[in-house]
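FYI, it's all coordinate maths here, none of it is from the lab. These numbers were taken from a predicted model, which means no experiment stands behind them. Positions of Cβ are generated from backbone atoms using ideal geometry, with glycine treated the same way; all protein chains shown enter the neighbour counts.
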Amino acid sequence: MPPSKFLKPNPNPKRMVLTMSSMTARAEPRGVEASAKIETRILSLFLPRFPIDRLNRFRRASSGTPPPDPLNPQVTARKEQSALRIVAVNSAAEGAGIIPGLPLTDARALVPDLSVFPAHPDQDRAALAGLAEWCCLYTPWTASEVGNSAGEAGSGLWLDISGCAHLFGGEEALLDDLLTRLSVLGFTATAAIADTPGAAWSMARFGLAPGVRSVIVPPGDMRTALTRLPVAALRLGPGVAEGLGRLGLRRAGDLYDLPRGPLV
């Protein structure tokens, strides 16, 4: 599939659209190999700058605009409740203190020469779905994050690579190939592989040291890997992580041995 495929909506996607739960409910293999159960392995791909990366890639492809200076703060914005608010930021804008949700007037106060472009969440979602289809290079089982409006707190994909990694020389080689291709295409990405979608999602966003772009959680080692992560990595509802923090429960491991009743 050509790289430009995911720059525009695909009216007839052929990939399987999966939810987080359906990935863990795949049918067992049949035939002579049915007795050898395939280990479930999920790859979570995190694209923290997806709307900005998509916009820059589209501008380069459509008008030949040269790549933007990464040191130039760049954002997308849209009108919310009679005010323009930031939707997505690049790393330079984030470094200047600009975050999604900030009023554009406040952002300009921080960076007067800020580069601002209109946000197009529908186009971002369509492009993310196209990128999920492109990822079928690695597995037929791919999914964009259900309910995620691309760009707000980043965008993501899941790839069920169960039984596929050996075709690329193993999980580490598959990760390296995927992330290298995405970098060449202009997308900032990190990734993690684990036994479940939730664990992979958490590790891709919260389990990487600065400058590290991927991590592999060995089969069966999920509980240990998640122990040190902040409770926000557990995909909790709004305000829940803050509430647990006030109780002194700041790491996922702090919750392991607590009875659920008192927490509820």
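Per-peptide packing, taken as the mean over residues of other Cβ atoms within 10 Å, places 188-199, 104-115 in the sequence 188-199, 104-115 from highest down. Judged by the mean number of other Cβ atoms found within 10 Å, the most tightly packed of the peptides 167-174, 135-142, 213-220 leads the ranking 135-142, 213-220, 167-174.
Rounded to the nearest 20 debye, the dipole size of the stretch 95-188 about its Cα centre is 200 debye, using +1 on the Cβ of Lys and Arg and -1 on the Cβ of Asp and Glu.
Kindly identify the stretch 48-130 as rounded, prolate or oblate by the Cα gyration tensor criterion: order the square roots of the eigenvalues as a ≥ b ≥ c, call it rounded if a/c is under 1.5, otherwise compare a/b with b/c, prolate if a/b is larger, else oblate. In terms of gyration-tensor shape, oblate. Per-peptide packing, taken as the mean over residues of other Cβ atoms within 10 Å, places 91-100, 57-66, 76-85 in the sequence 91-100, 76-85, 57-66 from highest down.
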